[in-house]
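The values are calculated or read from the model by the stated rules, or taken from the named source; none is laboratory data. Remember, predicted model here, so these are calculated numbers, not experimental data. In this analysis, Cβ positions are derived from the backbone assuming ideal geometry, glycine residues included, and neighbour counts consider all displayed protein chains. Accessible surface is based on the protein model in full, side chains and every heavy atom, while ligands, DNA and RNA are left aside. Shrake-Rupley method; radii C 1.70, N 1.55, O 1.52, S 1.80 Å.
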Amino acid sequence: GVTRLLLTRIPFFKEIIVSSFSCDSCSWSNTEIQSAGRIQEQGVRYTLAVTSRQDMNREVVKTDCAMARIPELDFEIPAFTQKGVLTTIEGIIDRAVAGLEQDQPVRRATDEEVAKKIDEFIVKLRQLKEMNSPFTFIIDDPSGNSFVENPHAPQRDDALVVTHYRRTPQQAALLGLEGEEVDAKPPDSAEDLRDEVLQFNTNCPECNAPANTNMKLVQIPHFKEVIIMATNCDSCGHRTNEVKSGGAIEPQGTRITLRITDPSDMTRDILKSETCSVEIPELEFELGMGALGGKFTTLEGLLKDIRDLVERNPFTLGDSSMPSRTGKLQEFIGKLQEVNGKTKAHFIMDDPAGNSYLQNVYAPEEDPELRVERYERTFEQNEDLGLNDMKTEGYEPEGTSGR
């Protein structure tokens, strides 16, 4: 047979490798996917309320280590029982039905009662495709490399809830990461790294060739310290940069609103942390937390990165794309290009961790076009940041005070 490989990038997600095998002799074919990136820092859980036939056509990336579940039927596809696949929700149900039917002839001969129960369950699965009643579809992936399509992108999807969480030690062990967290020696607090560029060896994320990553502590005026990391690959020319907050999570969240009124606003410096979401109400656009990662750039540079995300959407290409969806994305790209100071708009950054920043050109005076609000985080926001389970006082076990 013939195996074909395709490296493609999914917008608001990452790169994947799609492999397709076909045999001309028996006409058997198979399709699998593998993540082209590393295991993510956090696991991800997608919860989708399936209410229409259109929801059944949503694209789904399900990796080997992802668990799929339908609570209404008490149905679950455990992790590591199927190969990774790029399909739709309907396709996942079809694969489950095919897997259950595979050994039914043997079961009917050996245990007729069990075979009868499985036949009844297969009927229930097939009824899901007829959409007689809504149901919930959940994908839980501790590696963070699974994905469920948002057909309303770049706008928010009310039917889809995306939750990022910290892996448990058991999940890390299943992924082969149990040896990563070792007791490292604390850095020397007397060592001042602010004027030094640190360099360490790594591999290029594109071609996997040896490369160097530079890291430096930078003090942003009227804000805090951040860590800027930049990787340059001499082999393929790939360049990337990432920003991490150098401080702790703030006691309150931060919501920054800028009214863009002049082309000079596009040159304002922006620090967007990984936990920050971006919103432009005039375009009905919202970019969730985690997308684009941490960025230290200008307002113009961030809008360009958002435009690149939308333009590289593979779900709008090929014979399966819908003209109406492609037209809406092109219309959105046109409106986004008009946001250059001549077209007035509001740019909103909402960071529950309080580690994002937008330059005040009038500092230390107040900026009339810039509004910074502090707010108390909700329970759900603290849960996403891992603060609800964090105990910083009274964590010592009893009986250790006298030692």
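Looking at region 85-144, which of the residues that are in contact with a helix residue (DSSP H, G or I) (Cβ under 8 Å, 6 or more places away or on another chain) and open to solvent by 80 Å² or more (accessible area, probe 1.4 Å) is farthest from Gln42 (Cα to Cα)?
Arg108
So, in region 267-276, of the ones that are out of contact with any Gly (no Cβ under 7 Å at 6 or more places or on another chain) and outside any helix (DSSP H, G or I), which residue ends up surrounded by the most Cβ atoms within 10 Å (Cβ to Cβ)? Break it down into steps so the answer makes sense when it comes.
Of the residues in region 267-276, the ones out of contact with any Gly (no Cβ under 7 Å at 6 or more places or on another chain) are 267-271, 275-276.
Narrowing further to those that are outside any helix (DSSP H, G or I): 268-271, 275-276.
Details: Arg268: 20, Asp269: 17, Ile270: 23, Leu271: 24, Thr275: 22, Cys276: 28.
Across region 267-276, the extreme among qualifying residues is Cys276.
The rows are residues; the columns are (1) buried (at least 17 other Cβ atoms within 10 Å of the Cβ); (2) assigned by the TED database to the domain that holds Ser356; (3) assigned to a strand (DSSP E or B).
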residue	(1), (2), (3)
Lys216	no, no, yes
Thr231	yes, no, yes
Asp234	no, no, no
Thr240	no, no, yes
Asp265	yes, yes, no
Val278	yes, yes, yes
Gly290	yes, yes, no
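Output the residue which, of all residues in region 246-260 that are open to solvent by 40 Å² or more (accessible area, probe 1.4 Å) and in a strand (DSSP E or B), is farthest from Met349 (Cα to Cα).
Per the criteria, the residue is Arg259.
Specify the residue that is farthest from Leu174 (Cα to Cα); the eligible residues are those in region 63-84 that are part of a loop (DSSP other than H, G, I, E, B) and aliphatic (A, V, I, L, M).
We begin by selecting, within region 63-84, every residue part of a loop (DSSP other than H, G, I, E, B); these are 63-66, 74, 78-84.
Still in the list and also aliphatic (A, V, I, L, M): 66, 79.
Numbers: Ala66: 11, Ala79: 10 Å.
Once the filter is applied, the top-ranked residue is Ala66.
Which of the residues that make up region 26-80 are among the polar types (S, T, N, Q) and closer than 25 Å to Asp158 by Cα?
Keep residues of region 26-80 that are among the polar types (S, T, N, Q), which gives 27, 29-31, 34-35, 40, 42, 47, 51-52, 54, 57, 63.
Listed by number, the residues that qualify are Gln40, Gln42, Thr47, Thr51, Ser52, Gln54, Asn57, Thr63.
Looking at (1) open to solvent by 30 Å² or more (accessible area, probe 1.4 Å); (2) in a strand (DSSP E or B); (3) in contact (Cβ under 8 Å) with a residue 24 or more places away in the chain, find the lone condition where Ile227 falls short.
If we test Ile227 against (1) open to solvent by 30 Å² or more (accessible area, probe 1.4 Å); (2) in a strand (DSSP E or B); (3) in contact (Cβ under 8 Å) with a residue 24 or more places away in the chain, just (3) comes out false.
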